[in-house]
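What follows is a single structure, written as structure tokens, with notes after it.
The values are calculated or read from the model by the stated rules, or taken from the named source; none is laboratory data. The shown structure was predicted, so the numbers you read here are calculated from the model rather than taken from an experiment. Quick reminder, even Gly has a Cβ in these numbers, built from the backbone with ideal geometry, and neighbours come from all protein chains shown. Areas reflect the complete protein model, heavy atoms only, side chains present, ligands, DNA and RNA absent. Shrake-Rupley method; radii C 1.70, N 1.55, O 1.52, S 1.80 Å.
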Amino acid sequence: MHDVFCNSPPRAWAEINLAALKQNLGVARAASGCAVMAVVKAGAYGHGLEEVTKALATENIAFFGVANVGEARRIREAGVATRLYLLGATWAGEREEIVACDWTPCLSSLDEAAHFNRLAMASNKRLAVHLAVDTGMGRGGFLQDHLPEMMAALERMPHLEIEGIGSHLPAADEDDAFTRGQIARFRAILDELGGPERFKWRHLLNSAGLLAHDHGVCNLARPGLMLYGVSPMPGYQDKLSTVMTLKSRVTLVRTLPAGHGVSYGRQFVTTRPTRVATIGIGYGDGYPRHLSGKGADVCIHGRRCAILGRVTMDQIMVDVTRADDVMEGDEVEMFGPNIPVAEIAQKADTIAWDVLTGITPRVIRCY
Ligand SMILES: *Cc1c(COP(=O)(O)O)cnc(C)c1O
């Protein structure tokens, strides 16, 4: 039986270019000179966890970086065998599954480590773990004081194998001097703990870090955003290829007279007869409501058209007075090659990470 609704094309969809994703991976590799942990948390930044990890699984990825065990499970269920690394601290309820599945946690405390050690002992195995060190992020990791004693305590846990060490950069796209200092501190920490060779994997750099800084003592990089074709700093955008293009369709075109309000709150009122196209996407799809009244554009037939009034849940209105060939059913680019997602993020007073991960499941992902 054919369900007639399955044949109705979506109103809002995201075209995802997996070839561009692989090109951006190549850029990350070349720029960092390191092996790659591809960061795929939050459904691969909204691009689809299963599809992205399947596409990258053949690309010699050392680890996929995930946020939680639910994401790790989904990657395994998709048949991807690449090692999985949990980017943040784990809480007790997640640890049994992590040990059972041989996923790789990073440790921020001796309590966490002791729990993993007990669980690994109970399953008669040795779990590979990474030591997280807080060099400035303030979110997780061991603080820098007493690190040698902590390391010694960890080494007394026979069911843990400390195979890596990592830290995170909070300001690699905003504060060069601080970031340079952090990279130097990371190096000093490694020396204090017995030298870089003591750790098989040494990692510090996110997208901004690897684009703008030397890898130094690191041999593993953790790019996220840049894989998805967006540079944290505008200067490197030309090296990257667009991965996601968010699209919708014109559902209605009308000419409103002068003095007619458009959308909730009547924040916009026409000052002249205005040809208005209604488009089938809104904040219910993750298109940011904060774009209301911010002068954001969409792209129709290669031309920019201004959004009028507030973004509503399922629809927005744009001015097509000067694009008089626009008709019902026409495709609209919300962001992509013509409207950079970074521009949308800036106008919505947020960051590209937030816009990409905010695209809701109602938007069909097409590969
Ligand atoms: C999200 C995350 C990254 C990736 O950061 P981007 O800025 O997207 O490249 C790297 N490391 C950790 C620990 C993260 O949480």
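Condition check ((1) open to solvent by 40 Å² or more (accessible area, probe 1.4 Å); (2) assigned to a loop (DSSP other than H, G, I, E, B)) across all residues:
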{"site": "Glu59", "(1), (2)": "yes, yes"}
{"site": "Arg74", "(1), (2)": "yes, no"}
{"site": "Val80", "(1), (2)": "no, yes"}
{"site": "Tyr85", "(1), (2)": "no, no"}
{"site": "Gly93", "(1), (2)": "yes, no"}
{"site": "Glu97", "(1), (2)": "yes, no"}
{"site": "Pro105", "(1), (2)": "no, no"}
{"site": "Asn117", "(1), (2)": "no, no"}
{"site": "Met121", "(1), (2)": "yes, no"}
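What's the total number of residues in the stretch 185-223 that are of a type in the set (Val, Ile, Thr) and either open to solvent by 30 Å² or more (accessible area, probe 1.4 Å) or not in a loop (DSSP other than H, G, I, E, B) (or both)?
Total satisfying the criteria: 1.
Can you spot a residue in the stretch 224-234 that is in a helix (DSSP H, G or I), closer than 30 Å to Arg118 by Cβ and outside the structural domain of Thr357 (by TED's automatic domain parsing)?
So far as the stretch 224-234 goes, no, none of its residues is in a helix (DSSP H, G or I), closer than 30 Å to Arg118 by Cβ and outside the structural domain of Thr357 (by TED's automatic domain parsing).
Which residue, of Val40, Val66, Val36, Val27, is within 13 Å of the ligand (Cβ to nearest atom) and open to solvent by 20 Å² or more (accessible area, probe 1.4 Å)?
Val27
Determine, yes or no, whether Ala296 is modelled with pLDDT under 95 and open to solvent by less than 10 Å² (accessible area, probe 1.4 Å).
Answer is no for this residue.
Given the condition without any contact (Cβ under 8 Å) to a residue 12 or more places away in the chain and either in a strand (DSSP E or B) or of a type in the set (Gly, Ala, Ser) (or both), answer yes or no: does some residue in the stretch 268-282 qualify?
yes
If I filter the stretch 152-162 for residues that are within 16 Å of the ligand (Cβ to nearest atom) and open to solvent by less than 30 Å² (accessible area, probe 1.4 Å), do I get at least one hit?
Taking every residue of the stretch 152-162 in turn, none turns out to be within 16 Å of the ligand (Cβ to nearest atom) and open to solvent by less than 30 Å² (accessible area, probe 1.4 Å).
What residue, of Asp324, Asp349, Asp314, Asp238, is at pLDDT below 95 and either within 30 Å of the chain's Cα centre (by Cα) or open to solvent by 70 Å² or more (accessible area, probe 1.4 Å) (or both)?
Among Asp324, Asp349, Asp314, Asp238, only Asp324 is at pLDDT below 95 and either within 30 Å of the chain's Cα centre (by Cα) or open to solvent by 70 Å² or more (accessible area, probe 1.4 Å) (or both).
For the stretch 163-180: of the residues being away from the ligand (no atom under 12 Å from the Cβ) and not hydroxyl-bearing (Ser, Thr, Tyr), which is surrounded by the most Cβ atoms within 10 Å (Cβ to Cβ)?
By that ranking, first place goes to Ile165.
Count, please, the residues in the stretch 1-24 that happen to be open to solvent by 30 Å² or more (accessible area, probe 1.4 Å), modelled with pLDDT of 95 or more and in contact with a strand residue (DSSP E or B) (Cβ under 9 Å, 6 or more places away or on another chain).
2
Scan the stretch 206-241 residue by residue and report those that are within 16 Å of the ligand (Cβ to nearest atom) and either within 30 Å of Thr312 (Cβ to Cβ) or among the acidic types (Asp, Glu) (or both).
Leu225, Tyr228, Gly229, Val230
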